[in-house]
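The values are calculated or read from the model by the stated rules, or taken from the named source; none is laboratory data. Predicted, not measured: the structure shown is a model, and the values here were computed from it. Neighbour counts run over all protein chains shown; Cβ positions are idealised from the backbone, glycine included.
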């Protein structure tokens, strides 16, 4: 018997290339897909479940284009020495932390933010993992957490030469194994990319082997690119090339690849990103937190680069992140009128375009035949809400509202602000606390 879900009485905001704001309409889901959107009077059948969305805006689930689940257990850690620049942030905190992670740490580090993502209406996350001395099997552990949460995620392991040849080979093998698993199982919740840390920690020989392995599997790549100026300086000094041309030299760029950050790219590099169809994941809160600068997403957008929005693990609340993107563009340009459409479009339109390079059925749009990934948010619009005013309501109204219900793959994961995924959040947090105390002792 078909599994059906009817959502009625809400304001349906479809997003997509032809965004519609629909009143008096209902949305029917069947077997994980959106079956029909139409006038409410057309829905008179019997359904497995009916949700009354009165007083709610009905939107596609949010998408996070760049995440690091493994950073969860750094919260509150005060043992790292103060950092004067981004290189020291890596050396004092992240590269010390990731070396100490176990497979169990990786699982719980993922499960907690995944639970929070359900509560924030974020239904698809593109993650980038590192646990150098527990690399093998780490993506399978994270995948288990994804399955428990009911959400969707694309996973990869960040290959790097920074910890020696054996660790690099482990990272290579972990990417290959997970990509083969995804191709074999075709699980709608799980996708894979080939992870690379950054150009400045990968030697030519390793980059060439990674490119060959990724291409043989038909995979795209997920790589940090020019996050800090030091990445450019290192590449010019040691390889005689800037970051983006070096990635392109090895065939890393392309329509299936995500280049995270791109804070310090010049015009020629932007053109190369555009011409190769490479997507950029903008992470404004992380960039400001690490004091590396503000990516010029206005210029990138004007050049035709597909710019999406990630959080780099600062949050899974995409509405918080998208507002930060807008403020950062305006402050960096000293222009209170800059970046409104470019910043808000990263989340509301472009992230779906990025995710749909990997997912089928497609996500991020309320449209018949697309995945039934849906969020209901408390919202009574106090001013006219239509296609022309939607982004204003998003930036200054909906972003300050609350997620009431989260649906992914047609399954209700949270309803009435209560989790429905069969997980005791308090128990998960308690286990994480136990593991974090041991991790901090090893740090």
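Data table
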{"item": "Lone qualifier among 425, 415 - being in contact with a helix residue (DSSP H, G or I) (Cβ under 8 Å, 6 or more places away or on another chain) and closer than 22 Å to residue 147 by Cα", "result": "425"}
{"item": "Selection from the range 403-443 of residues that are loosely packed, with under 13 Cβ neighbours inside 10 Å and either under 18 Å from residue 14 (Cβ atoms) or touching a strand residue (DSSP E or B) at 6+ places or on another chain (Cβ under 8 Å) (or both)", "result": "416, 417"}
{"item": "Leading residue by the ranking (farthest from residue 346 (Cα to Cα)) among those in the range 281-297 that are in contact with a helix residue (DSSP H, G or I) (Cβ under 6 Å, 6 or more places away or on another chain) and surrounded by 24 or more Cβ atoms within 10 Å (Cβ to Cβ)", "result": "284"}
{"item": "Boolean, residue 76 is at positive phi and in contact with a strand residue (DSSP E or B) (Cβ under 6 Å, 6 or more places away or on another chain)", "result": "no"}
{"item": "Subset of the range 52-85 (residues that are over 24 Å from the mean Cα position of the chain (by Cα) and assigned to a strand (DSSP E or B))", "result": "52, 56"}
{"item": "Unmet requirement for residue 338, which otherwise passes all of (1) within 24 Å of residue 33 (Cα to Cα); (2) in contact with a helix residue (DSSP H, G or I) (Cβ under 8 Å, 6 or more places away or on another chain); (3) surrounded by fewer than 18 Cβ atoms within 10 Å (Cβ to Cβ)", "result": "(1)"}
{"item": "Answer residue from the range 18-45, given it is in contact with a helix residue (DSSP H, G or I) (Cβ under 7 Å, 6 or more places away or on another chain) and within 19 Å of residue 392 (Cα to Cα) and is surrounded by the fewest Cβ atoms within 10 Å (Cβ to Cβ) among those", "result": "19"}
{"item": "Single residue of the range 3-17 satisfying the filter (over 20 Å from residue 398 (Cβ atoms) and assigned to a loop (DSSP other than H, G, I, E, B)) that is modelled with the highest pLDDT", "result": "17"}
{"item": "Selection from the range 377-389 of residues that are surrounded by fewer than 22 Cβ atoms within 10 Å (Cβ to Cβ) and either modelled with pLDDT under 95 or under 19 Å from residue 16 (Cβ atoms) (or both)", "result": "385, 386, 387, 388, 389"}
{"item": "Only one of 211, 260, 219 that is out of contact with any helix residue (DSSP H, G or I) (no Cβ under 6 Å at 6 or more places or on another chain), buried (at least 16 other Cβ atoms within 10 Å of the Cβ) and not in a helix (DSSP H, G or I)", "result": "260"}
{"item": "Residue that is nearest to residue 54 (Cα to Cα), among those in the range 20-34 that are in contact with a strand residue (DSSP E or B) (Cβ under 7 Å, 6 or more places away or on another chain) and in contact (Cβ under 8 Å) with a residue 60 or more places away in the chain", "result": "27"}
{"item": "Count - residues of the range 41-57 that are under 21 Å from residue 384 (Cα atoms) and without any contact (Cβ under 8 Å) to a residue 60 or more places away in the chain", "result": "1"}
{"item": "Which numbered condition residue 374 fails, given (1) crowded, with 17+ Cβ neighbours inside 10 Å; (2) in contact with a helix residue (DSSP H, G or I) (Cβ under 7 Å, 6 or more places away or on another chain)", "result": "(2)"}
{"item": "Wholly within the range 86-196, strands (runs of 3 or more DSSP E) carrying at least 3 residues that are within 20 Å of residue 414 (Cα to Cα) and within 18 Å of the chain's Cα centre (by Cα)", "result": "122-127"}
{"item": "Residues of the range 235-249 that turn out to be more than 21 Å from residue 129 (Cβ to Cβ) and either touching a strand residue (DSSP E or B) at 6+ places or on another chain (Cβ under 9 Å) or not in a helix (DSSP H, G or I) (or both), as a count", "result": "5"}
